[in-house]
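Peer 1: Before we start, here is the structure in question, set down as structure tokens.
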Amino acid sequence: MINSDIELLKTQKSFKTAFSILQDILNGRCPDLPLLEKLYGGKKSKIIQSIIKEYLVGAELKNRIVRATNDDAPMEIALARREVENDVNYQKIHASILLNNVPEVKALEIFYGEYAPYVRKILGLYSQMNLKRKCEISASSHLNRVGACVFQLKMNDTGKYNYSSTAVMHDSIEDLLLLTTSKDGKGIDADKYNAFIEEYIPEDIQNGVKILTNHYNLIISFITGKLKEEDKAFSRKNILLELHSIEKQKPVELIKYVKKMIELISKIDAEENELDTIKWECYKNLYLEGIAHSTILKDDHRIYEIKGVDLSDNSHGKGSLSIDARIRNINKNLMWGIKGYTMQSSWKPFNDHIEEVVQDALFSAEFIILNDLLKPDSSMDFMMSTLLKIEKLENVFFVK
């Protein structure tokens, strides 16, 4: 498997030295002075070595099992993304999206078949609302890349466009639907949720799109908006109060998510960055678990695979994210892969995609660390930053 970021770093003459230093640290060993001097020179190496030594005393890395690199891992998702970008029809659609225009139905039919009119309506809303990604390009560009990649991977049922169309709509509910307050002001206007789905999502793929929708983020966005209007803190206590208020209303489509959130958040020990902690805990314990459960229940791995293609695409475009967001993205990819392994599927395409995403997560983590180690200035600062990032990426670097 080839990672373009790592390949770029390999062109630097000190890459092998930096990689050896990283491997020493991961294995709980302090790099020897001659190795550090090759990278940092004689004047800084002793103090950098002392920083590493002191860190390793409390890090307890010696008993950890380092995740092995698999250079032969499949790269079907990455290759499909590259291949479809060479397709003239894809280029026409994507160029239109990037220019904030709405592609024609006829062009969309190549990738989304009979669902093309619905896809066009969704893309039209993104254009109308001028939704952007962190890198400032149209947010719907991500949807089209994921949908077209799923098409290129031949994941659709024979003669159908069901999974590529599910993929292109996977973020639409969360991105486009703004839940509003019910008439009595005590909960969510659940009718708006149902009306949006009925109007914009074809009936036979509604279930798949719902499974891929992060309803927990959708509900948290509603609650934080309400708390902001009322000038209240985004605290665990206030979020729970709002959830209990919604629970009493019993919104049919959303009540199951509300109940799970109440149960989980009641147990969370979150004092600092409460909102971020709550969103992260909901993601890994409820959202991802929910997709996996539906996959097993329906004996249909395609929806879970689509989430993998989505995460792979986010990883592919991670350069515009903050370092914390990039680390969170890498950890998401790994969690998806590990959860996929636990399904113990005998279906090779599914297992290949898991292996690819997990390996890409490891390469991405290595890139973040090696990029720091290769910085020529402020070497002590970057070394300390490296050690702290290893802690945040421990689930990627270590099997256990």
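The values are calculated or read from the model by the stated rules, or taken from the named source; none is laboratory data. Worth saying up front: this structure is predicted, and the values here are computed from it rather than measured. Note that we place each Cβ from the backbone using ideal geometry, even for glycine, and neighbour counts take in every protein chain shown.
Peer 1: Of the residues Asp300, Asp276, Asp269, Asp313, which is free of Cβ contacts under 8 Å to residues at least 12 places away in the same chain and either outside any loop (DSSP other than H, G, I, E, B) or in contact with an Asp or Glu (Cβ under 9 Å, 6 or more places away or on another chain) (or both)?
Peer 2: On the way: Asp300 fails: either outside any loop (DSSP other than H, G, I, E, B) or in contact with an Asp or Glu (Cβ under 9 Å, 6 or more places away or on another chain) (or both); Asp269 fails: either outside any loop (DSSP other than H, G, I, E, B) or in contact with an Asp or Glu (Cβ under 9 Å, 6 or more places away or on another chain) (or both); Asp313 fails: free of Cβ contacts under 8 Å to residues at least 12 places away in the same chain.
Checking each option against the conditions leaves just Asp276.
Peer 1: Going through segment 45-65 one residue at a time, which ones are surrounded by 13 or more Cβ atoms within 10 Å (Cβ to Cβ) and at pLDDT below 95?
Peer 2: Listed by number, the residues that qualify are Tyr55, Leu56, Ala59, Leu61, Arg64.
Peer 1: Let me ask something additional. Could you go through segment 66-79 and let me know if any residue there is among the small types (Gly, Ala, Ser), closer than 30 Å to Lys375 by Cα and surrounded by fewer than 16 Cβ atoms within 10 Å (Cβ to Cβ). Outline the logic, then answer.
Peer 2: Applying the first criterion (among the small types (Gly, Ala, Ser)) to segment 66-79 yields 68, 73, 78.
Still in the running and closer than 30 Å to Lys375 by Cα: 68, 73, 78.
From the residues that got through so far, the ones that are surrounded by fewer than 16 Cβ atoms within 10 Å (Cβ to Cβ) too are 68.
Yes, there is a match, as at least one residue in segment 66-79 is among the small types (Gly, Ala, Ser), closer than 30 Å to Lys375 by Cα and surrounded by fewer than 16 Cβ atoms within 10 Å (Cβ to Cβ).
Peer 1: Oh, and also: Considering each residue of segment 324-340, count those that are under 12 Å from Gly308 (Cβ atoms) and not hydrophobic (A, V, I, L, M, F, W, C), and give that number.
Peer 2: Qualifying residue count, segment 324-340: 5.
Peer 1: Do you know which of the residues in segment 277-310 that are acidic (Asp, Glu) and over 15 Å from the mean Cα position of the chain (by Cα) is surrounded by the most Cβ atoms within 10 Å (Cβ to Cβ)? Before the answer, list the steps.
Peer 2: Here is the first cut: in segment 277-310, the residues acidic (Asp, Glu) are 281, 289, 299-300, 305, 310.
Now restrict to residues that are over 15 Å from the mean Cα position of the chain (by Cα): 299-300.
Values: Asp299: 6, Asp300: 14.
Restricting to residues being acidic (Asp, Glu) and over 15 Å from the mean Cα position of the chain (by Cα), the top hit is Asp300.
Peer 1: If you don't mind, there's one more thing I want to ask. Show me the helices (runs of 4 or more DSSP H) found entirely inside segment 116-228 where at least 2 residues are out of contact with any Ser or Thr (no Cβ under 6 Å at 6 or more places or on another chain), under 20 Å from Lys307 (Cα atoms) and of a type in the set (Gly, Ala, Ser). Outline the logic, then answer.
Peer 2: On the way: elements: 116-129, 140-152, 162-168, 172-176, 190-200, 206-212.
Answer list for segment 116-228: 140-152, 162-168.
Peer 1: Right, next: Mind checking which residues of segment 1-23 are part of a loop (DSSP other than H, G, I, E, B), at pLDDT below 90 and surrounded by 13 or more Cβ atoms within 10 Å (Cβ to Cβ)?
Peer 2: Of everything in segment 1-23, those that are part of a loop (DSSP other than H, G, I, E, B), at pLDDT below 90 and surrounded by 13 or more Cβ atoms within 10 Å (Cβ to Cβ) turn out to be Met1, Asn3.
Peer 1: If you don't mind, another one. Residues to consider are Gly187, Gly290; find the one that is touching a strand residue (DSSP E or B) at 6+ places or on another chain (Cβ under 8 Å) and touching a residue at least 12 places away in the same chain (Cβ under 8 Å). Quick ask: steps written out before the conclusion?
Peer 2: On the way: Gly290 fails: touching a strand residue (DSSP E or B) at 6+ places or on another chain (Cβ under 8 Å).
Answer to the check: Gly187.
Peer 1: Further question on the same structure: Only one residue in Ser140, Ser165, Ser172 is touching a Leu at 6+ places or on another chain (Cβ under 6 Å), of a type in the set (S, T, N, Q), free of Cβ contacts under 8 Å to residues at least 60 places away in the same chain and closer than 23 Å to Ile77 by Cα. Which one?
Peer 2: Working: Ser165 fails: touching a Leu at 6+ places or on another chain (Cβ under 6 Å); Ser172 fails: touching a Leu at 6+ places or on another chain (Cβ under 6 Å).
Only one candidate qualifies: Ser140.
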